[in-house]
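Visitor: Structure in structure tokens, see below.
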Amino acid sequence: MASLNVNTFSIAWRCRPMSILKVSTEQIKAARALLGWTQARHAERSGVSLPTIKRLEAAGGQLGGLQSTAKALIVTLQDAGIIFIEENGEGAGVRLKKGLHEIHCYEGSNKFPSQSSQ
């Protein structure tokens, strides 16, 4: 899969509205799990340092830290196909956009599903 172009990311990041979703650290961890990302991969993709991600996730509850840090973490996951589901009486959650599951499952293997048996 093509690597993220930092210039494209920074332009897209700046063009998004400033309001940030209320996202919990549990939702961040669940989103990473859906994508098969480690904290290190999330750090690489978002530009947020690994120690910062570890500290924020260890704190639990609502995602804290600087607004710019939270935005970078959330937007990176959204750009990878994550949909954050806000609390609606049934609990907050995350979902992977339809059709992206197979791509993310094979992202680390350099092969897409149709190539895996070749």
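Visitor: If we sort 67-73, 47-53, 57-63 on the protection proxy, mean other Cβ atoms within 10 Å, highest first, what's the order?
Guide: 67-73, 47-53, 57-63
Visitor: Ok, one more. What full-extension length gain, to one decimal in nm, is calculated for Ala59 and Asn88 as 0.36 nm per residue of separation minus the Cα-Cα distance?
Guide: Roughly 8.1 nm would be gained on extension.
Visitor: Grab the Cα-Cα distance for Leu50 and Asp79, subtract it from 0.36 nm times how many residues apart they are, and report the gain in nm with one decimal.
Guide: Computed gain between Leu50 and Asp79 is 8.5 nm.
Visitor: Give, in nm to one decimal, the length gained when the segment between Leu66 and Lys98 is fully stretched (0.36 nm per residue of separation minus the Cα-Cα distance).
Guide: So the extension gain works out to 8.4 nm.
Visitor: Which aspartates and glutamates have a Cα lying under 12 Å from the Cα of Lys97, excluding residues fewer than 8 positions away in the same chain?
Guide: Within the straight-line cut-off, Lys97 pairs with Asp79.
Since every read-out is calculated from the coordinates, none of them should be taken as a lab result. This is a predicted model, so every value here is computed, not measured. A quick note on method: Cβ atoms are made from the backbone with ideal geometry, for glycine too, and the neighbour counts reach across all protein chains shown.
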